[in-house]
Amino acid sequence: MDCIIGNQSSKIHGGFLESIWADFYQLFAMDIEERKKGLLGLDITPEQLKRALDYLQNDQPSSDIVALVECTSYENDELNESIFHSIDLLKVEEQICSCKEILIKPNFIEARFPCQHATTHPAFLEALICVLRNYTNKKIIVGEGSGHERDTALVLQNTGLSDVLKKCSVKFVDLNYDDIVLVDVPNPLTLKRIPLPKSITSADIVISAPKLKTHHWTGVSLGMKNLLGVFPGSLCGHPKNRLHWASLPRAIADLVSVIKPELTIIDGIVGIEGNGPLDGVEKKANVIISGTNVFSTDIAACNVMGFLPVTIPKFWFCSLKEIGSPSPRIKAKEIKKVVDHFLPPPVLGLLMQISKNRNKEIMDFFKDFLNFR
Amino acid sequence: MIVMKKEIVQYIKEIQSFLRLCQNEDGGWPYLLKRQSFSEPTAWSIVFLSELKKKNEESEKGIKWLLKTQNTDGGWPNIRHGPSDIRTAHSVYALTDFQYPDQIHKGIRWLKFNKRLTGGWAWCYGAYNFVEPTSYAVLALVKAGALPHKNELLDFIFSYQCEDGGWNSCSPIMLDVRQKGQISVTPWPLLALKKLGVSSKDERIRKALQFLECQTKKLKEPIPYSQSLALWVSVDYKQKSTGKNVLKSLLEKKLQNIWRENILWTALLGISLQRYMEAF
């Protein structure tokens with residue numbers, strides 16, 4: 001983290017700051033076809049792809065733990081119990097007890113209603129806050145920067161979040177309009193520095209609470225994709241399209257290398273399949289998936305949805321940065337039935353339907369589909 | 001209406017006092033109380049305060065901040081020392097009421113230079129062009145008397161209209177799926193189209209106004225950002241009864257709650273109320 005932009009910035013030479021920003025906003029010398037490949041993450045070299053696939057198929061036991069807990073409804077009691085079990089399986093109680101401030105980042109990309117299942121369910125969020133309160137009386141805030149909607153009041157109203165905030169006496173911070181901190185990205189793939197809301201960088205614990213969804217550009221929308229919401233709309237606008245053209249899977253990998261949520265807890269009770277994250281079909285999966293490493297948690301969630309992580313480009317780029325383990329230790333509680341496979345999203349669907357860990361098949365797909373080199 | 005008029009006057013006075021209080025020491029305004037200054041809330045706060053009283057200390061301080069923030073390429077960043085982006089349009093819009101021809105000229109030049117070949121403007125460098133940033137640019141360029149390619153812009157804005165009559169922040173069709181309009185986005189292209197000379201008799205505008213009216217009626221609680229803009233639209237398109245309904249709903253919300261939520265919304269509410277008072 002190298003500087004805070006704001007009142008403090010007057011001490012720093014303007015030209016220096018301009019060059020920092022120029023890095024973030026660097027326009028790629030790509031034609032439109034190259035940009036489309038970048039959007040999907042198909043702009044990877046064969047060497048990088050091979051390295052990523054090898055990493056993803058490494059089944060060495062890992063210290064990353066992912067908890068799978070059955071939860072069949074948004075009823076208070078069942079939710080509370082399931083979230084409590086998740087935290088118990090992950091053994092993060094001590095960390096929660098000792099922190100000063102927790103920021104929960106749900107997924108409220110648009111002003112959708114809970115029944116549409118495109119956003120984190122308000123009952124899920126309420127139960128999460130309630131369980132956290134059992135461990136700590138320290139400050140809990142909810143922070144979100146809606147990607148498609150400038151009117152935060154409407155987002156809060158329609159998603160049911162405003163009722164939760166009132167009921168739980170929890171403050172909300174609009175991450176689109178917060179103070180901004182520039183953070184250096186280690187080994188950047190597309191973004192050398194990332195502007196982040198100060199509330200994210202100052203929280204002791206960040207909890208990502210996304211929904212279990214497919215995603216038309218990135219295959220799946222889980223813990224890592226949820227973190228894109230922290231990019232300030234005050235800089236990127238709405239939609240946060242700047243990141244799409246910066247090569248979305250690469251941007252996700254860069255972001256996840258600087259924001260490492262202490263806990264990712266995915267609302268998979270009802271998710272979205274097919275043309276997600278907004279135009280898909282609801283899918284009852286009856287599961288809460290949680291973990292302390294966002295990459296490992298997403299890998300596990302992806303498997304639960306019936307997709308092979310090796311077929312999803314954002315995992316390739318995260319693998320190049322070795323962000324987490326591709327084979328986390330799974331702790332499951334009360335999972336009686338295997339979740340039916342989710343329908344893949346249309347754009348990456350062909351790739352995601354490859355059903356076995358076959359590097360050659362994935363490489364061949366590229367040759368055919370993209371005339372890849 | 002008389003009771004409402006008194007309330008509006010009182011509301012405007014309170015907004016004025018509030019904006020004075022929450023101005024940062026550097027002269028700019030933040031989005032959220034006691035945070036850093038951004039050019040967007042600064043520009044709209046200046047517009048509101050100077051429409052009430054042309055010469056005032058707060059606006060002058062705000063203008064100084066804006067002038068200091070202008071980049072050497074002529075554009076404005078939203079955050080000081082950042083790269084120029086579409087907020088240049090807000091700064092040009094605010095400064096056009098004052099005598100800063102060089103700075104305005106440079107801002108206009110930046111806007112014209114950064115118009116995309118495929119039509120319209122993007123939010124920022126390296127992003128795709130959308131209807132909302134395009135509308136900001138149209139409003140600023142029309143106010144500054146420097147609008148290029150009127151017909152092309154009309155086509156661009158209408159090409160983004162959704163089937164339901166509204167506009168959204170993305171595209172009307174996404175991977176073959178028709179998308180819905182958004183209440184927070186629709187007012188901006190409507191304001192821009194009015195400035196481009198399209199009347200409420202145009203079928204597409206009529207549909208958009210209906211969409212806006214229908215969406216505002218559906219709201220459970222007031223939402224100041226979108227409703228302020230809807231009020232502004234009702235003034236521009238002379239939709240008195242729609243405006244009155246929006247106003248009734250808006251005045252239900254305690255002003256201090258709006259301040260706490262977002263200062264930009266407060267400034268836009270002030271502008272819309274002021275325009276409503278003048279028009280009706």
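The values are calculated or read from the model by the stated rules, or taken from the named source; none is laboratory data. All of these numbers come straight from a predicted model, not from anything done at the bench. Positions of Cβ are backbone-derived with ideal geometry, glycine not excepted, and every protein chain shown enters the neighbour counts. Just so you know, the surface numbers come from the protein's heavy atoms only, side chains and all, with ligands and any DNA or RNA stripped out. Shrake-Rupley method; radii C 1.70, N 1.55, O 1.52, S 1.80 Å.
Tabulated values for the structure
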quantity: Over 20 Å (Cα to Cα) - which of A:Lys225/B:Lys34; B:Lys13/B:Lys253; A:Lys91/A:Lys171 fall in this group; calculated: A:Lys225/B:Lys34; A:Lys91/A:Lys171
quantity: Solvent exposure, largest accessible area first (probe 1.4 Å, DNA, RNA and ligands not counted), of B:Trp110, B:Trp259, A:Trp316; calculated: B:Trp259, B:Trp110, A:Trp316
quantity: Listed residues A:Ser327, A:Ser86, A:Val258: farthest to the positive end of the dipole of the range A:35-370 (Cβ charges); calculated: A:Val258
quantity: Net charge dipole size for the range A:35-370 [Lys, Arg +1 and Asp, Glu -1 on Cβ; Debye, nearest 20]; calculated: 760
quantity: Summed residue charge, Cβ within 10 Å of A:Asp204's Cβ, Lys/Arg positive, Asp/Glu negative; calculated: +1
quantity: Cα centroid of the range B:26-88 to Cα centroid of the range A:298-323, whole Å; calculated: 44
quantity: Principal semi-axes in Å for the range A:35-370 [√(5λ), Cα gyration tensor, largest first]; calculated: 29, 22, 19
quantity: Value at 222 nm in deg cm²/dmol, rounded to 500, when DSSP H runs of n ≥ 4 in the protein assembly as shown each add -39,500 (n - 2.57); calculated: -14000 deg cm²/dmol
quantity: At most 10 other Cβ within 10 Å, DSSP loop - trypsin sites (Lys or Arg not before Pro), the range B:200-239; calculated: B:Lys201, B:Lys220
quantity: For A:Glu144, residues with placed amide H under 5 Å, excluding near neighbours; calculated: A:Val173, A:Leu175
quantity: Only Lys, Arg (+1) and Asp, Glu (-1) charged, at Cβ; the protein assembly as shown dipole about Cα centre in debye; calculated: 1560
quantity: Cα gyration tensor shape for chain B, rounded if a/c is under 1.5, else prolate or oblate; calculated: oblate
quantity: Protein heavy-atom accessible area occluded, B/A pair - total, 1.4 Å probe, Å²; calculated: 3900
quantity: Filtered trypsin sites (Lys or Arg not before Pro), the range B:17-83: DSSP coil and at most 14 other beta carbons within 10 Å; calculated: B:Lys34, B:Lys53, B:Lys54, B:Lys55
quantity: Two-site FRET efficiency, A:Lys139 against B:Arg109, from Cβ-Cβ distance with R₀ of 60 Å, rounded to 0.05; calculated: 0.80
quantity: Hz values of 3J(HN,Hα) by residue in the range B:70-82 - Karplus curve (6.51, -1.76, 1.60), Gly and Pro given as x; calculated: 4, 7, 5, 7, x, x, 10, x, 6, 10, 4, 6, x
quantity: Selection from A:Met305, B:Ser272, B:Gly126, by position along the positive dipole direction of the protein assembly as shown (Cβ); calculated: B:Ser272
quantity: Calculated SAXS-style log₁₀ I(q)/I(0) at q = 0.08, 0.09, 0.12 Å⁻¹ - the protein assembly as shown, Debye, Cα scatterers; calculated: -0.58, -0.74, -1.31
quantity: Amide proton proximity set for A:Gly306, modelled H, under 5 Å, gap of 5+; calculated: A:Phe342
quantity: Solvent exposure of the range B:1-111 as accessible area per residue, Å², 1.4 Å probe; calculated: 43
quantity: Net dipole in debye of the range B:1-135 [+1 Lys, Arg Cβ; -1 Asp, Glu Cβ; about Cα centre; nearest 20]; calculated: 100
quantity: By accessible area with a 1.4 Å probe, ligands and nucleic acids excluded, highest first: order of A:Trp245, B:Trp29; calculated: A:Trp245, B:Trp29
quantity: Selection from B:Gly27, A:Ser63, B:Ser169 lying farthest towards where the dipole of the protein assembly as shown points positive, charges on Cβ; calculated: B:Gly27
quantity: Relative contact order of chain B, defined on C-alpha pairs under 8 angstrom at six or more residues apart (%); calculated: 18
quantity: Among beta bridges that DSSP assigns inside the range A:35-370, antiparallel share in %, nearest 5; calculated: 50
quantity: Accessible surface of the protein assembly as shown [probe 1.4 Å, protein heavy atoms]: carbon and sulfur percent; calculated: 50
quantity: Residue-span extension gain [B:Lys254 to B:Glu203] - 0.36 nm each, minus C-alpha spacing; calculated: 14.7 nm
quantity: Label-point gap, in nm, between A:Phe172 and B:Leu117 - each point 7 angstrom along Cα→Cβ; calculated: 4.3
